[in-house]
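The values are calculated or read from the model by the stated rules, or taken from the named source; none is laboratory data. Predicted model only: the values in this text are computed from it and were never measured. FYI the Cβ positions are ideal-geometry reconstructions off the backbone, even for glycines, and counts take in every protein chain you see.
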Amino acid sequence: MTSTPQRQHHPDEPGHAHAGASSHAHGHSHSHGPATPVSNHLRKVIAAVLIPFAAAVVAGLIVLWPGGTPDHKAHERSGLGFDQQTVAGRVVKVEEVNCADVNAQPQQPVEPGQEAANQEGGAGGPAKKTVCERATIEVTSGKDKGRTFEEIVPPNASRKYSTGQKLKLSYAPKAPKNLQYSISDVERALPMALLAGLFALAVVAVGRLRGVFALVALAVSFGVLTLFILPAILAGSNPLVVAVIGGSAIMLIALYMCHGLTARTSVAVLGTLISLLLIGLLGSLFIGWASLTGNTDDQTGLVHGLYPGIEIRGLLLAGVIIGSLGVLDDVTVTQTSAVWELREADPTAGWRKLYAAAMRIGRDHIASVVNTLVLAYAGASLPLLLLFSIADSGVEAVATSEIVAEEIVRTLVGSIGLVASVPVTTALAALVVSADRAPRVGAERGGAEQVGAGQVGAGQVGAGQGAGGGRSGRGRRRRARGR
């Protein structure tokens, strides 16, 4: 009794060829990530816009570069604010004394009816003893190292001193010898360095490699601010031009370093650039229209007195642009990322659908970011707002005063640019990703996989029929032999 061997499929036969092609296509589609959503043509278009812009920023840095920090020896120190000589010192001893003995009567607020009570106490009874503190300070650096002097601290002073505390002392060489040194500030380098270390540790722990790049970008931004923007303004360059060039350099370095040299980041750069131009135009218009001078505090007045050539109004506008840059980066990167993720989730979506979906995300972002920006400015101006709350003035009088109007213009101009960045960046990102041909390639690949799968199914059906026919033929031969 012989048996017919079953027919083995050879790899070169059609049925196996279809199965192999299908398995290869399926494995290829899962071994790679989504297709790049921007074609080479669109990359060239984006590069054609950004490369001239980056070249203009580099040229501006070269032309306006101040060549170093300004020469402080060119003018005599005023002895005011930060423009004074300082040395290190420490508190050697603190003791309590009678304020009257050291001629240091504190100025205390007088409540209604308190003045009459004080007069009665002064006429009929002994005056109330007021305790002050006498701190002995030692100079620990400079040519007068080891010299000591005394500082009287009234009881209502906001700052108290303790033995061993490190201080910063201001030095006035032209003053009388016993008045040459005075306390300028306390030494707080250690807590500030510890806080900066904790910040860096938190950024790296959460962001990992991206967090490291963010810290490097932060250091570069600080370098551009201290080595280019501030010295260039002090050298007499237009503050607005310096702020635009320096801010653009910070934007390019920070975005590309933190998010990579990709088309997605380039779209965020374009959205940020357009929004910065809008902020500059609105700020220039309303600062001039509202007749804001920018000279509203002691620091600005001191800078203008030391460097009369600085344009204070331009300095105000430069502050608006630089202050809005950080929040703009956050918004534009978030919107471009949202559009890219929506495109990967639905490769067939057109730009209108992508724009509508991303704008729903952007509207939530607008509500939180604008509130953050307003509260940030309000928090920085809280003591000023308290003064106006104490004063008996109406809301209109307070809001239209220059010192408050300056903050209002700064806040509203930055917020308008922030709001405008959402639809502008979203529209740019939607147009870029929808103009790509990659989804059609993926669709063709999916169709090929379906056809291959169908052919494999047909081959399996044919193989089953062949096997069934073989079994049927063997049965007929057995019955014939039996007869």
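With respect to GLY247, determine if the residue is part of a helix (DSSP H, G or I) and out of contact with any Leu (no Cβ under 8 Å at 6 or more places or on another chain). When the stated conditions are applied, GLY247 does not pass them. Please determine whether any residue of the stretch 331-340 is at pLDDT 80 or above, more than 19 Å from the chain's Cα centre (by Cα) and crowded, with 22+ Cβ neighbours inside 10 Å. Yes, some residue in the stretch 331-340 is at pLDDT 80 or above, more than 19 Å from the chain's Cα centre (by Cα) and crowded, with 22+ Cβ neighbours inside 10 Å. Taken as a whole, the condition of being touching a Lys or Arg at 6+ places or on another chain (Cβ under 8 Å), in a helix (DSSP H, G or I) and at pLDDT below 85 applies to GLY323. The residues listed here are PHE222, PHE228; of these, the one that is within 18 Å of the chain's Cα centre (by Cα), in the same structural domain as GLY314 (by TED's automatic domain parsing) and either of a type in the set (Phe, Trp, Tyr) or under 30 Å from ILE152 (Cα atoms) (or both) is PHE222. Cβ-Cβ distances below 8 Å connect the following pairs, each with a first residue in the stretch 335-348 that is without any contact (Cβ under 8 Å) to a residue 40 or more places away in the chain, a second residue that is surrounded by 12 or more Cβ atoms within 10 Å (Cβ to Cβ) and of a type in the set (D, E, K, R), and a separation of six or more residues or different chains: ASP346/LYS353.
Could you check the stretch 394-407 and list, in sequence order, the residues that are in a helix (DSSP H, G or I), surrounded by fewer than 16 Cβ atoms within 10 Å (Cβ to Cβ) and without any contact (Cβ under 8 Å) to a residue 12 or more places away in the chain?
Listed by number, the residues that qualify are VAL395, GLU396, ALA397, ALA399.
One residue stands out among those in the stretch 290-303 that are buried (at least 18 other Cβ atoms within 10 Å of the Cβ) and of a type in the set (A, V, I, L, M, F, W, C): the one that is farthest from LYS44 (Cα to Cα), which is VAL303.
For ALA435, the requirement of being modelled with pLDDT under 80 and hydrophobic (A, V, I, L, M, F, W, C) is met. Among the residues of this structure, THR296 does not count as one that is of a type in the set (Ser, Thr, Tyr) and at pLDDT 90 or above.
Exactly one residue among SER421, SER389 is more than 26 Å from GLY314 (Cα to Cα), in a helix (DSSP H, G or I) and either of a type outside the set (A, V, I, L, M, F, W, C) or touching an Asp or Glu at 6+ places or on another chain (Cβ under 7 Å) (or both), and that residue is SER389. Residues that are touching a His at 6+ places or on another chain (Cβ under 9 Å) and in a loop (DSSP other than H, G, I, E, B) within the stretch 295-306 comprise just one, ASN295. Based on what the data block shows, is ASP346 among the charged types (D, E, K, R) and surrounded by fewer than 17 Cβ atoms within 10 Å (Cβ to Cβ)? It is true that ASP346 is among the charged types (D, E, K, R) and surrounded by fewer than 17 Cβ atoms within 10 Å (Cβ to Cβ).
So that you can scan it fast, the table gives a plain yes or no per residue for (1) surrounded by fewer than 22 Cβ atoms within 10 Å (Cβ to Cβ); (2) at pLDDT 90 or above:
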position: LEU252; (1), (2): yes, yes
position: HIS259; (1), (2): yes, no
position: GLY271; (1), (2): no, yes
position: LEU278; (1), (2): yes, yes
position: GLY288; (1), (2): yes, no
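For first residues located in the stretch 182-210 and in contact (Cβ under 8 Å) with a residue 60 or more places away in the chain, partners that are polar (S, T, N, Q) and lie 6+ apart or on another chain with Cβ distances below 7 Å form the pairs SER184/THR86; SER184/SER170.
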